[in-house]
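Everything below concerns the one structure shown next.
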Amino acid sequence: MSTITKSITLGRIAEMTHGEVKGDPEIRITSICAPEKAGENSISPLWEKKFIPLVKEGTVLFTKKGWIAEGCRGVEVDDPRVALIALLQYFDETPARGTKVSELAVIAPTARLGNNVSVGAGTVIRDGVNIGDGTVIMENVVIDECSEIGGGCLIEPGTVIYHHTKIGSGCVLHANAVIGCEGFGFVPDPKAGMVKIPQIGIVRLDDGVEVGACSAIDRATFGETYIGPSTKIDSHVKIGHNCEIGGYTIVVAQSGIAGSTKIGRGVIMAAQSGASNHAAIGDGCTVGGRAGVASDIPAGSVVSGFPAQDHKKELRQQAAVRQLPEFMRHVRELAKKVERLEKTHEDA
């Protein structure tokens, strides 16, 4: 159960979420929890109808219109997932970020900080850095030379932003994200061994990009690695040098995008998916979990498997593979029958 300390009536929840009250609108709600953990004065979001029979009697539901039975209590809305955002925002008790610059931060004299910028203890901001109004930089962040960060950003503790990186407005970088590190490029040389290719490009994050904890985005060999507006990158994701990822794309945890891959707008890269270097993934594609994209994928495709192929085809193949043991048993039985028939023919 959450430690939420606020309270609100069902009637007010309905107003806030453009929903309809079922039951007493004066019922007071003090917490949000899963249906199986519902308690007194809690409200339980539910967006899959198949779970309704499992809901305990007396549970106050926050669900889709027409799903709350007669005599039961709750709020019905058009889309529970979307409407829940307003409810969560109301109950959110994340501590407010300050607007102070810590005396324990190290800020170069040529760095420029906008109005109401907050900088935490142990943070290092080097020469030529430009930070927009209202950006919050937490503790132990490193921002290298000539980087630019727009207004209204949140940079969580331990983040490292390499030189000349450009970050738009309203971006969020979670703890220990690394933006602009060297791209992974080497050339084998018979005498010198693996020779490093200089990585002289940059990373550019457009407005509203979010990067999860412990994710890394490499700077370009030349030019830029680009992440489009409102794209959301989960934790533990690696994006290689010179990649281009369109806006409103989602890259889920433990995915890896090899260098120079181009990903379109509105793409979903599910958990542990990947793309080989120079692959192109069109707008609106969905790449299933653990899928490996080895060649170009047309816009609107849904792919899975390794190497990635049409999802329906992959499912048929996986179904066939599961039948292989039984299929091989039949083959062995047929082989024995053929062997007996051949022996009978020879004896005749």
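The values are calculated or read from the model by the stated rules, or taken from the named source; none is laboratory data. Small disclaimer: the values here were computed from a predicted structure and weren't measured. A quick note on method: Cβ atoms are made from the backbone with ideal geometry, for glycine too, and the neighbour counts reach across all protein chains shown.
Values computed for the structure shown
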quantity: Filter result for the condition that a residue is under 25 Å from residue 168 (Cβ atoms) and either in a loop (DSSP other than H, G, I, E, B) or at pLDDT 95 or above (or both), over 128, 58; calculated: 128
quantity: Tabulated pairs, segment 166-191, first free of Cβ contacts under 8 Å to residues at least 12 places away in the same chain and over 18 Å from residue 120 (Cα atoms), second of a type outside the set (Asp, Glu) and not in a loop (DSSP other than H, G, I, E, B), C-beta under 8 angstrom, 6+ apart or interchain; calculated: 186/194; 186/195; 186/196; 187/194; 187/195; 188/194; 188/195; 189/195
quantity: Residues of segment 55-101 satisfying the condition of being in contact (Cβ under 8 Å) with a residue 40 or more places away in the chain and basic (Lys, Arg); calculated: 65, 73, 97
quantity: Residues that are over 25 Å from the mean Cα position of the chain (by Cα) and either under 15 Å from residue 157 (Cα atoms) or outside any loop (DSSP other than H, G, I, E, B) (or both), drawn from segment 82-116; calculated: 98, 101, 102, 104, 105, 106, 107, 112, 113
quantity: Test: residue 146 is hydrophobic (A, V, I, L, M, F, W, C) and touching a Phe, Trp or Tyr at 6+ places or on another chain (Cβ under 9 Å); calculated: no
quantity: Matching entry among 282, 274, 289 (being of a type outside the set (Lys, Arg), more than 13 Å from the chain's Cα centre (by Cα) and farther than 21 Å from residue 185 by Cβ); calculated: 282
quantity: Selection count where residues are part of a helix (DSSP H, G or I) and either over 30 Å from residue 267 (Cβ atoms) or at pLDDT below 90 (or both), scope segment 301-348; calculated: 24
quantity: Residue within segment 218-226 that is outside any loop (DSSP other than H, G, I, E, B), on the phi < 0 side of the Ramachandran plot and of a type in the set (Phe, Trp, Tyr) present; calculated: yes
quantity: Single match in 275, 294, 271 (criterion: crowded, with 19+ Cβ neighbours inside 10 Å and of a type in the set (A, V, I, L, M, F, W, C)); calculated: 275
quantity: Residue that is surrounded by the fewest Cβ atoms within 10 Å (Cβ to Cβ), among those in segment 39-60 that are farther than 11 Å from residue 73 by Cβ and small (Gly, Ala, Ser); calculated: 39
quantity: Considering residues of segment 4-38 that are part of a loop (DSSP other than H, G, I, E, B) and surrounded by fewer than 14 Cβ atoms within 10 Å (Cβ to Cβ) only, the residue nearest to the chain's Cα centre (by Cα); calculated: 34
quantity: Test: residue in segment 64-78 that is among the aromatic types (Phe, Trp, Tyr) and under 24 Å from the mean Cα position of the chain (by Cα); calculated: no
quantity: Of residues in segment 235-262 being under 20 Å from residue 204 (Cβ atoms), without any contact (Cβ under 8 Å) to a residue 40 or more places away in the chain and in contact with a Cys (Cβ under 7 Å, 6 or more places away or on another chain), the one surrounded by the fewest Cβ atoms within 10 Å (Cβ to Cβ); calculated: 260
